[in-house]
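Some notes on the structure that comes next.
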Amino acid sequence: MNAYMQNYLGSDGLFVAIILAILVAASFGWLTRKDIKLKLPDSVPPMVADSLSPAFTAMIIFAAVFFIKWGLTMTSFGNVFELIKQVISAPLMNFGATPAAMIAIMTIANLVWCFGVHPSSVTSVYVPVFITVTMANITAFQAGDPLPDAKYLMLYNCLYFGGTGNTICLCLDMLFAKSEKFKAMRKLMLLPNLFNITEPVIFGVPVMLNPLFFIPMLLSCIVPGLVALPLLNILPIAYNPTVQLPWVMPTFITALMQGGPLYMIVILICIAVTCVIWYPFFKIADNQALEEEKAIAAQKAAAEA
């Protein structure tokens with residue numbers, strides 16, 4: 001490993017790796033479609049020609065990369081890593097790696113889910129920023145230095161517990177249901193939602209394309225975020241960014257493993273607050289379902305009489 005530069009293997013080289021992977025793949029596809037390849041005589045066996053053609057295309061890309069690398073050595077940046085860092089990475093991180101940006105992104109993800117668009121279409125764009133911050137904090141943790149963005153990382157679990165929209169709180173509110181509809185639903189939905197699987201609630205209640213639940217979906221990240229931020233600033237939470245558990249792990253357990261009991265308490269407070277947000281809207285849906293069940297029962301009684 002001493003033969004290679006290691007200072008760009010962490011968060012500083014992440015954006016370069018992503019951009020280079022996209023450009024190389026796109027360039028190879030474009031050159032192949034343009035039929036820019038090594039033309040060999042007909043006497044060469046097809047198997048040999050087919051194996052050499054991609055190699056020639058790759059040589060063109062390698063040559064282009066080499067000249068770009070050589071040209072950057074003559075600039076003030078020195079290399080592509082510093083170019084991306086100063087032109088793209090730094091401004092993007094200054095904007096994206098903030099609590100306000102995270103709350104905004106998660107709120108937009110909830111919003112598009114209300115209209116039937118999967119939230120990954122929004123959150124996947126934000127993933128490189130989150131991974132970059134995570135790797136920077138892991139590097140600092142391993143070096144024994146103060147974590148640069150610990151509160152930013154801790155805020156994520158305060159905005160995403162029980163899946164997109166924090167619908168675990170809607171399932172918990174179903175424990176107080178009076179209608180048979182929601183009494184049956186809570187048996188099917190509570191356990192999956194505990195493990196961050198939201199599809200049974202989103203499609204089953206439904207939450208998606210339901211105007212009644214638009215407001216709680218919109219507020220389910222904003223309010224917990226505003227509640228969590230001062231708590232994360234006040235409480236002495238010892239956060240460990242190297243602890244990365246599967247996404248299906250219940251969030252309060254993840255918080256306990258990453259930051260101890262204090263962090264878990266913050267998550268539980270956010271869950272309680274979000275349950276309060278969801279409850280009035282769930283109560284309306286529960287009352288509507290109860291009235292429908294009473295009407296159906298009355299019709300059956302009249303028919304039997």
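The values are calculated or read from the model by the stated rules, or taken from the named source; none is laboratory data. As the structure is a computational prediction, the values presented were derived from the model and not from experiment. As a convention, Cβ positions derive from the backbone with ideal geometry for all residues, glycine included, and neighbour counts pool all protein chains shown.
Annotations for the structure displayed:
- Among the residues of segment 154-181, those that are part of a helix (DSSP H, G or I), at pLDDT below 90 and more than 27 Å from the chain's Cα centre (by Cα) comprise Glu180, Lys181.
- Those residues of segment 150-186 which are in contact (Cβ under 8 Å) with a residue 60 or more places away in the chain and among the aliphatic types (A, V, I, L, M), in sequence order: Ala150, Leu153, Met154, Leu155, Leu159, Ile168, Leu170, Leu172, Met174, Ala177
- Criterion applied to Ile237, Ile269 was being in the same structural domain as Met135 (by TED's automatic domain parsing), more than 29 Å from Thr139 (Cα to Cα) and in contact (Cβ under 8 Å) with a residue 12 or more places away in the chain, and the one residue passing it is Ile269.
- Some residue of segment 267-288 being more than 30 Å from Gly116 (Cβ to Cβ) and surrounded by 21 or more Cβ atoms within 10 Å (Cβ to Cβ): no
- Among the residues of segment 138-153, those identified as part of a helix (DSSP H, G or I) and over 18 Å from the mean Cα position of the chain (by Cα) are Ile138, Thr139, Ala140, Phe141, Gln142, Ala143.
- Trp113 being among the aromatic types (Phe, Trp, Tyr), at pLDDT 80 or above and either closer than 30 Å to Cys221 by Cα or not in a helix (DSSP H, G or I) (or both): yes
- Conditions (1) at pLDDT below 90; (2) farther than 28 Å from Phe141 by Cα: number failed by Val248: (2)
- Looking only at residues of segment 76-102 that are farther than 23 Å from Asn137 by Cβ and of a type outside the set (Gly, Ala, Ser), we find that the one that is modelled with the lowest pLDDT is Val87.
- Only helices (runs of 4 or more DSSP H) whose full extent lies in segment 198-305 are considered here, and none of them has at least 2 residues that are among the polar types (S, T, N, Q), over 23 Å from Lys187 (Cβ atoms) and in contact with a helix residue (DSSP H, G or I) (Cβ under 6 Å, 6 or more places away or on another chain).
- Selection within segment 182-197 - out of contact with any helix residue (DSSP H, G or I) (no Cβ under 6 Å at 6 or more places or on another chain) and either at pLDDT below 85 or basic (Lys, Arg) (or both): Lys183, Lys187
- Boolean, Asn210 is assigned by TED's automatic domain parsing to the domain that holds Val117, polar (S, T, N, Q) and surrounded by 20 or more Cβ atoms within 10 Å (Cβ to Cβ): no
- Residue that is surrounded by the most Cβ atoms within 10 Å (Cβ to Cβ), among those in segment 191-207 that are closer than 25 Å to Lys294 by Cβ and free of Cβ contacts under 8 Å to residues at least 40 places away in the same chain: Val201
- Condition check for Asp35: part of a loop (DSSP other than H, G, I, E, B), modelled with pLDDT under 80 and not assigned by TED's automatic domain parsing to the domain that holds Ile138: yes
- The single condition among (1) among the aliphatic types (A, V, I, L, M); (2) farther than 18 Å from Pro216 by Cα; (3) at pLDDT 85 or above that Ile131 does not satisfy is (3).
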